[in-house]
1. Using modelled amide H (1.01 Å from N, peptide plane; none on Pro or chain starts), what sits under 5 Å from the amide H of residue 7, excluding residues fewer than 5 places away?
2. Full extension from residue 89 to residue 190: what is 0.36 nm times the residue separation minus their Cα-Cα distance, to one decimal in nm?
3. Per-residue HN-Hα couplings for segment 148-155, Karplus 6.51 cos²θ - 1.76 cosθ + 1.60 at θ = phi - 60°, whole Hz, x for Gly and Pro?
4. Please report, in debye to the nearest 20, how large the charge dipole of the chain is about its Cα centre when each Lys and Arg carries +1 at its beta carbon and each Asp and Glu carries -1 there.
5. Could you tell me which of rounded, prolate or oblate describes segment 153-200, using a ≥ b ≥ c as the square roots of the eigenvalues of the alpha-carbon gyration tensor, with rounded for a/c under 1.5 and, failing that, prolate when a/b is larger than b/c and oblate otherwise?
6. Please order 86, 96 by the number of other Cβ within 10 Å, starting at the fewest.
7. For residue 165 and residue 97, calculate 0.36 nm times their separation in residues minus their Cα-Cα distance, and state this gained length in nm to one decimal.
8. Could you derive backbone 3J(HN,Hα) for segment 99-105 from the dihedral phi with the Karplus parameters 6.51, -1.76 and 1.60 (θ = phi - 60°), listing whole Hz in sequence and x where the residue is Gly or Pro?
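The numbers here are math on the coordinates, done by the rules we state, and not lab data. What you see is a predicted model; the values in this text were computed from it and never measured. Methodologically, a virtual Cβ is constructed for each residue, glycine included, from the backbone with ideal geometry; neighbour enumeration extends over all protein chains shown.
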Amino acid sequence: MIQPDAYCELCLRPSASRVHDGCQQKIRQHLIDLPGLYAALAEALEPGRCGDGGRTSSGRTAPLPCSLDALDLRARGGIEGVLAGWSADLCEREQWQLPQYGTVEAAVDGYADLLLRNLAMICDEHPAVREFATELRQITGQAERLITGDRPPRRIPVTCPCGTVLRITLDTPGARCPGCEVQYGHAEVLQLPMAERSAA
Ligand SMILES: [Zn+2]
Ligand SMILES: [Zn+2]
């Protein structure tokens, strides 16, 4: 049987602390990066840098993406929504007053900073720290891909011994099988056999 206390909440590998230092460090980096990514998305949306506009003679490489996705991430409820949601959750738990900001940009900066300053406590105590880490990883990855033009990481189907197919990415911190509820760490889940493509 798995003893929950003996495993890192994030990567599900054995750990003396509730969250490995290294796993906490990854969340920290996302919180540090998000305000800069938010600003960089604005540049990606500047007129003249959107689409190709038929002007490809400048010798520049592929135009930066200009998409509704970038607009969505910059709107209230995008990057701001994730950071504000978790900040509100934190403030409610601690009975602090949630700071309010006049602009989305100020909110992104302020809430990222609030979460950063309380990250150690969140990792030590918060019941949903895994969800918190996952949402931050996803929104950071989404913003980075819009800025760099990379495609989302490929999902690979693997089969749990119970027969359930899990769709994982190579950078997954771990996964829990929805079929038999076994928890796999990063290395373990990558060792599961690839699922056969469904026969035509
Ligand atoms: Zn860990
Ligand atoms: Zn299973």
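1. Here 15 satisfy the definition.
2. Working it through step by step, the gained length comes to 33.0 nm.
3. Calculated HN-Hα couplings, in order: 8, x, 6, 8, x, x, 5, 9 Hz.
4. Working: 20 positive and 26 negative charges, 145 e Å.
Here the size comes out at about 700 debye.
5. Values: a/c = 2.05, a/b = 1.20, b/c = 1.70.
It is oblate, given that a/c is not under 1.5 and a/b is not larger than b/c.
6. On the way: 86 23, 96 12.
In increasing order of surrounding Cβ atoms, one gets 96, 86.
7. Numbers: separation 68, 0.36 × 68 = 24.48 nm, distance 4.39 nm.
Net length gain for the segment: 20.1 nm.
8. x, 10, 10, x, 10, 4, 4
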